[in-house]
Each structure stands twice: as C-alpha cells, then as structure tokens.
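Input: a single structure, listed below in structure tokens.
The values are calculated or read from the model by the stated rules, or taken from the named source; none is laboratory data. On a predicted model such as this, the values are computed, not experimentally measured, just so you know. All Cβ positions, glycine included, derive from the backbone under ideal geometry; neighbour counts span all protein chains shown.
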C-alpha cells in the first residue's frame, strides 16, 4: 500500500472518530456500508473498494485487483428508541442487533479473471414496545396492555465475477440475490369479566382478554434478484475513477397471515378450549 493511500485511510479514520458523536450508522434503515473499511469511509468506496465486502456490494470491478482472500465482519447495532402510546414514555424492549458479513475472492477461468462475492445484511429495523394500561371501571376493571411491534430484515448474497482488462481498466458484475422479511403488530388488549359454562358444573366466572388492532406478527418473506455492474480506471498512482450501475430488484410479493381484530359490543357465545364462554361485553370479532 502506498504512503499516500495509507495517509488517506488514516485521515478518514481520524475524521470518523472525531465526529462520532454526530455520525449516523444508517441512511434511514439502510446501512451506509458493509464492513469496517466501508463504514470508516462513510460508504464512499465506489472508486476504492479495498476488500471483498466493499467490492461485492459497491463496485465488483475492484475484485479483479485483489489477491485471493476472505473477509469477515461482525457488527453490533444498538439504537435507542422511545415512544409514548398514551400512558407515558417508554423504550423498546429490542435494542441489540447483530450484523454479520462475509466476502471472498479467488482466481477463476484464466489470467486476470476472478470469482468472488459476499453474503451480508444490508438493512433492517425493529421495535418492541409493551405498555400496561390502567384499569377502567366502565367495562374493563382489570386493566390490560398495548403492544407495538415491527421487524424488517434484508439479507443479500452477491456472487460476482471480475476481469482485469489491462493495467488501467477493470470491470466486474454481481448477481444480487436477496431475501426480505417483514412483520408488524399494533394491538390493544384489555381484560373483562366473562362467564364459562362448564359441562357438569355450570356457570363459572372468570376474566377473558379482549384484543383489538392489527396483528401481522407472523413473519412474511419475499425474494428478489437484481444486478450490479462496475468499472474501475486507474489514471495514475494517485487517481482512480470508479462507476457503478445497480439495477432495481424484482421481488416476489410479501404475503401476510393474520389481519385486523376489532372489538364490538354484542352478546356472543364462543367455543373456548372445549367450553362455551358467554360474554355481554366487548369481545373480539373473529369473522
């Protein structure tokens, strides 16, 4: 590695540490880079992919300039989230996320041609809020709780091929194969008096939950494919130009199991674990 390049990386790392109090690790819920090198560069690695991880996701042409190697990255993301659902401010119960990644490059097919790629998580988010609700003497004397939950995950695999055309020009391409997952829930559960009619015993007073809201907490997965093309041109030892085209990804649809739950005032009979439950207050509408 030339002195000028070492100096550039050192300056970038120093600046990254110096502004760490205001720096952001994500762009929305998308990571700004994969691996410590790309994150230290603020994601600006299209013209300087220095390891298989940054090359596979940002500019696969960079693989042609690397010696055979494998790279592994493990990060811990610890965001702070809080909200107020009407009963005071609370924090999320899920706060720590692991972000692994692995990349590789090896010779293939002939002189100047290499095969490589990476497997990594590129984006995601989630919250898990749970808050107790005070008792309401008018219908719900036993209180309850409200729950807000979300989980989004995006995982990508990028098998890549690259070629060093000459001492100045390198080209490469990646096939982006991705899987994404989503699940969501926002429900309100309160407890109300109910009566179970137990065969051979008769009416038995008890407490039953009444839930309303949206429940899509069963994870739904979708799968997609796209393409990344890249080129690097080394002008001289001090200047390298890079360009990348990344196509939109075509995904299968997310199909959720579950749906909305609503509470209605009615007199209903519900079969419940072999018994019949009679209610004269709010009950879930399961139709």
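Here are the numbers for the structure shown:
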| quantity | calculated |
| --- | --- |
| Output for the stretch 124-143, where each listed residue is over 30 Å from residue 179 (Cα atoms), assigned to a strand (DSSP E or B) and modelled with pLDDT of 80 or more | 131, 132, 133 |
| Qualifying residue in the stretch 13-27 (condition: modelled with pLDDT of 80 or more and surrounded by fewer than 13 Cβ atoms within 10 Å (Cβ to Cβ)) | no |
| Among residues of the stretch 197-216, those that are farther than 24 Å from residue 135 by Cβ and touching a residue at least 12 places away in the same chain (Cβ under 8 Å), counted | 5 |
| Residue check for residue 112: surrounded by 15 or more Cβ atoms within 10 Å (Cβ to Cβ), touching a strand residue (DSSP E or B) at 6+ places or on another chain (Cβ under 9 Å) and within 26 Å of residue 35 (Cβ to Cβ) | no |
| Among the residues listed as 167, 174, 183, the single one being more than 36 Å from the chain's Cα centre (by Cα) and modelled with pLDDT of 90 or more | 167 |
| Yes/no for residue 7 being exposed (fewer than 13 other Cβ atoms within 10 Å of the Cβ), at pLDDT below 90, out of contact with any strand residue (DSSP E or B) (no Cβ under 7 Å at 6 or more places or on another chain) and in a loop (DSSP other than H, G, I, E, B) | no |
| Strands (runs of 3 or more DSSP E) fully within the stretch 49-102 counting 3 or more residues that are over 30 Å from residue 165 (Cα atoms) and in contact with a strand residue (DSSP E or B) (Cβ under 7 Å, 6 or more places away or on another chain) | 69-77, 89-91 |
| Some residue of the stretch 237-250 being modelled with pLDDT of 80 or more, touching a strand residue (DSSP E or B) at 6+ places or on another chain (Cβ under 6 Å), assigned to a loop (DSSP other than H, G, I, E, B) and over 30 Å from residue 168 (Cα atoms) | yes |
| Flag if residue 121 is under 30 Å from residue 148 (Cα atoms), in contact with a strand residue (DSSP E or B) (Cβ under 8 Å, 6 or more places away or on another chain), assigned to a loop (DSSP other than H, G, I, E, B) and touching a residue at least 24 places away in the same chain (Cβ under 8 Å) | no |
